[in-house]
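Have a look at the structure below, then the notes.
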């Protein structure tokens, strides 16, 4: 069960919804072909496999994604948000954040983590996918969501004919694909994020990269 020992998880996800550009979801159910899309890995991915955390974790970043220092990231992260590794394309419309967080998360905690995260997002954004699934021989909690404009973030454009204008978002919204698992009873999390408008262009590359994630037992 997840109790107060998992407050870091609380702060991590609450912090995530306060980013200037990063993390959220539209209401919906898991699409039946999501796992098929992600597991359909193209062997011709141009990037090479990257080894992380003393060789315990590896993955192939999306094509043309390079390592990025956190101080070079254009997107504003919450104060308590500190990924161990960042990969990005040149214009930062797509970013991969990798976390290995120092709080307890055992494999049997994943269903409770799923329930907890859904509770946070239920009234805030909803979600596209929320499920426990197997990927390359390991159980992962997959959570995909997309930011929705907040009423306080809507701005009314000037209307020359005094008609009531339709509010429009004044910030870029983001799409998130998050994958969480237990590594040495700690929380390992991959976040693939992009601008909502750019996600259709990056979707296939993201899914192929996600399908390459491997964790040694």
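Observations on the model:
- Residue tally, condition out of contact with any strand residue (DSSP E or B) (no Cβ under 8 Å at 6 or more places or on another chain), outside any loop (DSSP other than H, G, I, E, B) and surrounded by 15 or more Cβ atoms within 10 Å (Cβ to Cβ), over region 113-125: 2
- Selection of region 70-101 for residues being part of a loop (DSSP other than H, G, I, E, B) and either under 14 Å from the mean Cα position of the chain (by Cα) or modelled with pLDDT under 90 (or both) yields 73, 74, 75, 76, 77, 78, 79, 80, 81, 82, 83, 93.
- Against the list (1) surrounded by fewer than 17 Cβ atoms within 10 Å (Cβ to Cβ); (2) touching a helix residue (DSSP H, G or I) at 6+ places or on another chain (Cβ under 7 Å); (3) within 25 Å of residue 195 (Cα to Cα), the condition residue 103 fails is (3).
- Residue 35 being part of a helix (DSSP H, G or I), closer than 25 Å to residue 127 by Cβ and modelled with pLDDT under 95: yes
- Listed by first and then second residue, the pairs linking a residue in region 126-144 that is on the phi > 0 side of the Ramachandran plot and modelled with pLDDT of 95 or more to a residue that is crowded, with 19+ Cβ neighbours inside 10 Å and outside any strand (DSSP E or B), with Cβ atoms under 7 Å apart and 6 or more places separating them unless they lie on different chains, are 136/213.
The values are calculated or read from the model by the stated rules, or taken from the named source; none is laboratory data. This is a predicted model, so every value here is computed, not measured. FYI the Cβ positions are ideal-geometry reconstructions off the backbone, even for glycines, and counts take in every protein chain you see.
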